Every structure is written in C-alpha cells, then in structure tokens.
Amino acid sequence: MIGFGDPSMPHQRRVTIGLDLGHANDHSAIAIVEQGQNHRVLRQAARIPLRTPFAEIVARLDRLAKSPDLAGRATIVADATGLGAPVIEMIRAARIQAALVPVVITGGVNASQSNGSWHVPKKDLVTALYLMFESGNIRIPKGLPGLRELEEELLHFGAQRNDVHDDIAMALALAAWHTRPTTKVGERNDGRLV
C-alpha cells in the first residue's frame, strides 16, 4: 500500500501519475502526486532501471492503477515524445483503469491538443513545476524514497546539459502541468492566487 489520503475520504482525492520515458541511456521515471483541496502531496518518486522493457512499465502502471490506494481515481500523464508513442498504444491496449493524458514535449510556444495528445512546450512543464514549488503547493514527506535523486535533478532541471539526469523531475513536471490551476487572467477564482 502506498498510504494515500484521508481514510475517511478515500475516493475524493485525485491522483496523477507522471511518467517520463527513457530506455537505454536515460531512465524512465514515475512520480505520483495526490491532490488535496489546497495542496498536492508527492507520494512516490522513482527511477525505473535502465533497459526495463516497456511491457514491464505498462504492467507496473496497471498494478498501480488497480491498487486499493489508487483504484478509480488515477490519471496517467505520460511522455508521448519519440519512443513514448508506441508505449502510449501499449497503455491503451492494456486497458489500464486510469484516465490517460499523452503529452508530446515540444520546443514550441503554446500548448495545443490534437489527435488525442497534448503538445506541450518543455518551458510550460518547467514553469508548472517551479510554480508548484514556489507557491508552496506541494508537500513532500520526509524519507520519501527517491527524494535525494529528485533534489539533485531539480537543481539542474530545465538546463540544456546532457550529463544531468532529469527523469524524476520530468515525471513530476508532467504531473504538475496536469494539476496546475487553470484560471485564466480576468476569470474569477475562489480567492487563491495559485
């Protein structure tokens, strides 16, 4: 068990699973974020070993989505860039019991949606992640496995360096982008700035 949520309200909180895909030279990674009313909690942050077959990653997602802590409330936000496209098809074929949001990471200016996928500039993912931390909208339990690796990655996240891993940070950025506030300038919200 992952230990999510308030036991008195087990199905009221949404959970987002950010999935960054890599394979031979770059790790795949998963970040699981639970959404509370006014905050988010990072529940899991993990690199997946290099060269893990994609079928094993899909099976892991299926087990997570069926777990008592996530059943019926998970959304998978998955990197659909490059080799991610066939993995998205594998996830769909597995009929995992979770909503699926494929994200093609671009160098563009604006996010757009086409052919069932979002096309999101990397700068938007980086911004969503930084805003989540800057607003204090994320809680990270002390002793969370993978926290040390995530902290190292966050120090260099968004930099154009090939010698620094950003797998967990990118998985978390995908989740942050998906759970970001969507109020536009000029619209009324519930009084919170972020």
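A quick yes/no check of all residues on (1) β-branched (Val, Ile, Thr); (2) buried (at least 17 other Cβ atoms within 10 Å of the Cβ); (3) out of contact with any Lys or Arg (no Cβ under 9 Å at 6 or more places or on another chain); (4) within 17 Å of residue 31 (Cα to Cα):
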{"site": "68", "(1), (2), (3), (4)": "no, no, yes, no"}
{"site": "101", "(1), (2), (3), (4)": "yes, yes, yes, yes"}
{"site": "112", "(1), (2), (3), (4)": "no, no, yes, no"}
{"site": "145", "(1), (2), (3), (4)": "no, no, yes, yes"}
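Report every pair of residues separated by at least 6 positions or lying on different chains whose Cβ atoms are under 9 Å apart, first residue within the range 39-66 and within 20 Å of residue 166 (Cβ to Cβ), second among the basic types (Lys, Arg).
40/139; 42/139; 48/60; 52/60
Can you tell me which residue among 57, 91, 76, 48 is in contact with a strand residue (DSSP E or B) (Cβ under 9 Å, 6 or more places away or on another chain) and closer than 27 Å to residue 134 by Cβ? Even if it seems obvious, please write down each step before you answer.
Values: 57 fails: closer than 27 Å to residue 134 by Cβ; 91 fails: closer than 27 Å to residue 134 by Cβ; 48 fails: closer than 27 Å to residue 134 by Cβ.
Only one candidate qualifies: 76.
Which one of these does residue 138 not meet: (1) closer than 18 Å to residue 27 by Cα; (2) in contact (Cβ under 8 Å) with a residue 40 or more places away in the chain?
Evaluating residue 138 over (1) closer than 18 Å to residue 27 by Cα; (2) in contact (Cβ under 8 Å) with a residue 40 or more places away in the chain leaves (1) as the failure.
Which numbered condition trips up residue 81, out of (1) modelled with pLDDT of 95 or more; (2) closer than 19 Å to residue 52 by Cα; (3) in contact with a strand residue (DSSP E or B) (Cβ under 6 Å, 6 or more places away or on another chain)?
Looking at each condition in turn, residue 81 falls short on (1).
Give, as residue ranges, the helices (runs of 4 or more DSSP H) completely inside the range 91-194 that count at least 1 residues that are modelled with pLDDT of 90 or more, of a type in the set (Val, Ile, Thr) and farther than 27 Å from residue 62 by Cα. Show your work before the answer.
On the way: elements: 122-134, 147-156, 167-179.
By residue number, 122-134.
The values are calculated or read from the model by the stated rules, or taken from the named source; none is laboratory data. What you see is a predicted model, and the numbers here were worked out from it, not measured in a lab. Glycine gets a Cβ as well: all are built from the backbone with ideal geometry, and neighbour counts include every protein chain shown.
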